[in-house]
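Note sheet for the following structure.
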Amino acid sequence: MNRLFSSVKEKSTVQANMVALTILTSLIILTVNIVLFIYISRAINVINRVYSTNVTIGEMSDALGRVRGSMSEYLNTKSTDSMEQYYDACQQYRDYLSELSLDGQGKETTAILQDIQGLSDTYFSVTDETIQAKRGRVVEKYNAGYERSERIYSYINAYIYSLNNEQFKKNSEKYSALRASLRSLAAVTMSVIVAVALINILLTSVMTKNIMDPVRQREIIMETHLKDAELKYLQAQINPHFLFNTLNAGAQLAMLEDAEKTSGYLQNVAAFFRYRIKGEEKETTLEQEISLVDNYIHILNVRFSGEIHFSKELDRDCLNVSVPGMILQPIVENAVNYGIRNIEREKRIVLKVERLPELIRVRVEDNGVGMSEARIKEVLAGVAGENPVMKDSNGVGIANVMSRLRLFYNREEVMHIFSEGEDRGTIVDILIPVPNAAEEENGS
């Protein structure tokens, strides 16, 4: 009980450590990702601010061009639309100019902005006077005003161009610094993730070693026990060899003394043990399996005064088919021990071998106590509880037979069991797959 408690406690501790390690790793990676996300978001905002001034300067330059164009159109056409376009363009230009903040700028940039603002005020005064002169039809005045506005326009454009270049240079420097910091952050993030992964692998290896060491120790102990069992099995085989050799000697002695029944009995017992020693794993033929059943029934009838009535209906063309050893005698033995042994009426067992379209059916039929439907399902599923072991049982059950048949033929459906109920007997069918005629011809 103490060992069980210690094992459960150790397993729980290992599981808790694994869960804690997983949670810690997840938290570290989550924290790194959150920091990375915040920094990248800030970087995107900085980049947007960095180049927004260049965009504003460009739009301001376009608005100034529209002021000039709408004024020229009005001087040529004196249309109401051109006048409205002029005032709209003037307002847009002033809005863009006000967006350019003087805070935090260098002296050179501040000076350029101040010059632009001063020239812009002068430019709008001149353009307004020129338009008023056009309305008053003062030709000389609006011609002079137009020429002056063109000169101021060229000055403003030159300053705007200088301001744009200055801002672009500063913004490029900021962008380069920002990109370098992002690279550094990416390197730090990757280093943290790699470090966490290495620590995780190291701790997992240590925990796995702590788990596997006791398992390996148990495997070594089991291997030792298995070798001991194999040695005992080899030692146990000596006795059966000695037994059937002794039986053969007894059979020869009985023949010399004209005791034919005794000789036949001893020969059948010797043949039975000789076949058993060959083992379950050896491949044999259906004919040899039936011969073993004959030996077994002969032995039982000597013991029980011939009370078992055994008959066979065989298709001789099917007897050379290959089968795993010890599949038929255990079925007959079950029919005797659990079917007909304790009934008062005549005890009958019929063995039938017949060829069906795609398989050979070997049927063992008795007139014994029968089986319930639930019991049949348990036996076929391999979950039936073991019956008390008979003194003369060979220790090979139906589940063992089904398992070896499935391995040998590589198919699940290898056995059927039928019974009409209590005292109605039992039928056990072994299903042996065989190639069809066309395959046999191709194989030959």
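The values are calculated or read from the model by the stated rules, or taken from the named source; none is laboratory data. Predicted model, so just to flag it, every value in this text is computed and none were measured. Cβ placement follows ideal geometry from the backbone for every residue including glycine, while neighbour counts extend to all protein chains displayed.
Among the residues of the stretch 332-343, are any over 18 Å from Val434 (Cα atoms), modelled with pLDDT of 90 or more, among the acidic types (Asp, Glu) and crowded, with 17+ Cβ neighbours inside 10 Å?
Looking for residues that are over 18 Å from Val434 (Cα atoms), modelled with pLDDT of 90 or more, among the acidic types (Asp, Glu) and crowded, with 17+ Cβ neighbours inside 10 Å, one finds at least one in the stretch 332-343, hence yes.
Quick check on the stretch 67-101: of everything there that is in a helix (DSSP H, G or I) and of a type in the set (Gly, Ala, Ser), which residue is farthest from Tyr159 (Cα to Cα)? Don't jump to the end; show me each part of the working.
Looking only at the stretch 67-101, we keep the residues that are in a helix (DSSP H, G or I), and these are 67-77, 80-99.
With of a type in the set (Gly, Ala, Ser) added as a condition, the list becomes 69-70, 72, 82, 89, 98.
Numbers: Gly69: 19, Ser70: 22, Ser72: 22, Ser82: 27, Ala89: 19, Ser98: 16 Å.
Filtering the stretch 67-101 for residues that are in a helix (DSSP H, G or I) and of a type in the set (Gly, Ala, Ser), the one farthest from Tyr159 (Cα to Cα) comes out as Ser82.
Here is a yes/no grid of residues against (1) outside the structural domain of Ala111 (by TED's automatic domain parsing); (2) in contact with a Leu (Cβ under 9 Å, 6 or more places away or on another chain); (3) free of Cβ contacts under 8 Å to residues at least 12 places away in the same chain; (4) not acidic (Asp, Glu):
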site: Asp121; (1), (2), (3), (4): no, no, yes, no
site: Val126; (1), (2), (3), (4): no, no, no, yes
site: Gly136; (1), (2), (3), (4): no, no, yes, yes
site: Lys141; (1), (2), (3), (4): no, no, no, yes
site: Glu147; (1), (2), (3), (4): no, no, yes, no
site: Ser154; (1), (2), (3), (4): no, no, yes, yes
site: Lys169; (1), (2), (3), (4): no, no, yes, yes
site: Leu182; (1), (2), (3), (4): no, no, no, yes
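Answer with yes or no whether Lys134 is closer than 30 Å to Arg68 by Cα, at pLDDT 80 or above, assigned to a helix (DSSP H, G or I) and not hydrophobic (A, V, I, L, M, F, W, C).
Details: closer than 30 Å to Arg68 by Cα: yes; at pLDDT 80 or above: yes; assigned to a helix (DSSP H, G or I): yes; not hydrophobic (A, V, I, L, M, F, W, C): yes.
Yes: the conditions hold for Lys134.
Starting from the stretch 76-102, keep only residues that are surrounded by 11 or more Cβ atoms within 10 Å (Cβ to Cβ), then list their pairs with residues that are charged (D, E, K, R) and assigned to a helix (DSSP H, G or I) whose Cβ atoms are within a distance under 6 Å, requiring at least 6 positions of separation or different chains.
The qualifying pairs are Ser82/Glu73; Ala89/Arg66; Tyr96/Glu59.
Looking at the stretch 298-328 only, could you name the residues that are modelled with pLDDT of 90 or more and part of a helix (DSSP H, G or I)?
Within the stretch 298-328, Arg316, Asp317, Cys318 meet the criteria.
Can you pull out the residues in the stretch 307-343 that are touching a helix residue (DSSP H, G or I) at 6+ places or on another chain (Cβ under 9 Å) and either among the small types (Gly, Ala, Ser) or not assigned by TED's automatic domain parsing to the domain that holds Leu407 (or both)?
Hits for the stretch 307-343 are Ser322, Gly325.
Residues checked against (1) under 30 Å from Leu407 (Cβ atoms); (2) surrounded by 13 or more Cβ atoms within 10 Å (Cβ to Cβ); (3) not hydroxyl-bearing (Ser, Thr, Tyr):
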{"residue": "Val302", "(1), (2), (3)": "no, yes, yes"}
{"residue": "Ser311", "(1), (2), (3)": "no, no, no"}
{"residue": "Cys318", "(1), (2), (3)": "yes, yes, yes"}
{"residue": "Ser322", "(1), (2), (3)": "yes, no, no"}
{"residue": "Glu346", "(1), (2), (3)": "no, no, yes"}
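What residue, of Ser98, Ser154, is small (Gly, Ala, Ser) and over 13 Å from Ser61 (Cα atoms)?
None of the others qualify; the one that does is Ser98.
If you check every pair at least six apart or on different chains, which have Cβ atoms under 7 Å apart with a residue in the stretch 404-429 that is within 12 Å of Arg361 (Cβ to Cβ) first and a residue that is basic (Lys, Arg) and assigned to a strand (DSSP E or B) second?
So the pair list comes out as Ile427/Arg363; Asp429/Arg361; Asp429/Arg363.
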